[in-house]
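A short worksheet on the structure shown next.
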């Protein structure tokens, strides 16, 4: 601040504020949050890895004494194959959250992606999955990776609703290609919805599948959100359509 004697500046005053304590507190807060995230992620991964490993270990230990039992060998193959696939799925989700994913983009409609995924899930679950399609413009996408993104969303929904519950997948064209995924039996509070795709927030429901889905969709130039209005939970995926001439999808279900 200038010191004046009438109109003449005769000096100045400088005020200094020591903020080192505040900086230290902020650094400690950030460090604490990072450690909390690390503990939650490591704990979640350890839990997800340990469960299939326990199953595999149990059958491997019994293998020498029960190898001659054909029923045991059949069960061994079934369990080990299933648990190895679970581990592989976990690794895929972790890879999708990194920059190491390799995309093979093509221009086309996403109807085959949705149809193939729903057909596969219908054969693996007792839920009623309804698919409602409309004519869609082409989208720049990697079919395999986009299928994973939708699978992770549907896996979450199917795991959170009672057996036999209906699940709806519908699409609509517009400025973007929009895909809605919902179930009347899916329960999620607005507070949980805000944190659903962000594992860095304290108190978030850590689901690497949803986090990986968001990463894949963002890499496609798209987005994902969840609405909890009027006691209805609905996931909305938006993908930018490709301008210009190109084939559109056939209407089907």
- Quick check: anything in the stretch 86-100 in a strand (DSSP E or B) and in contact with a helix residue (DSSP H, G or I) (Cβ under 9 Å, 6 or more places away or on another chain)? no
- Message: part of a strand (DSSP E or B), touching a strand residue (DSSP E or B) at 6+ places or on another chain (Cβ under 7 Å) and under 22 Å from residue 222 (Cα atoms): which single residue out of 118, 167, 157, 179 fits that description?
- Response: 179
- Message: Considering only residues that are touching a strand residue (DSSP E or B) at 6+ places or on another chain (Cβ under 7 Å), part of a loop (DSSP other than H, G, I, E, B) and buried (at least 17 other Cβ atoms within 10 Å of the Cβ), which ones fall in the stretch 121-145?
- Response: 127, 133, 136, 137, 138
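Residues are listed down the side, and each one gets a yes or a no for (1) out of contact with any helix residue (DSSP H, G or I) (no Cβ under 9 Å at 6 or more places or on another chain); (2) assigned to a helix (DSSP H, G or I); (3) surrounded by 10 or more Cβ atoms within 10 Å (Cβ to Cβ); (4) without any contact (Cβ under 8 Å) to a residue 60 or more places away in the chain:
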position: 11; (1), (2), (3), (4): yes, no, no, yes
position: 27; (1), (2), (3), (4): yes, yes, yes, yes
position: 43; (1), (2), (3), (4): yes, yes, yes, yes
position: 47; (1), (2), (3), (4): yes, yes, no, yes
position: 52; (1), (2), (3), (4): no, yes, yes, yes
position: 56; (1), (2), (3), (4): no, yes, yes, yes
- Among (1) modelled with pLDDT under 75; (2) part of a strand (DSSP E or B), which single condition is residue 246 missing? (2)
- Message: Conditions first: (1) modelled with pLDDT of 85 or more; (2) surrounded by fewer than 11 Cβ atoms within 10 Å (Cβ to Cβ). Residue 2 passes all but one, so which condition is the exception?
- Response: (1)
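The values are calculated or read from the model by the stated rules, or taken from the named source; none is laboratory data. Keep in mind the model is a prediction, meaning the values are calculated, not measured. Backbone-built Cβ (ideal geometry, glycine too); neighbour counts: all protein chains shown.
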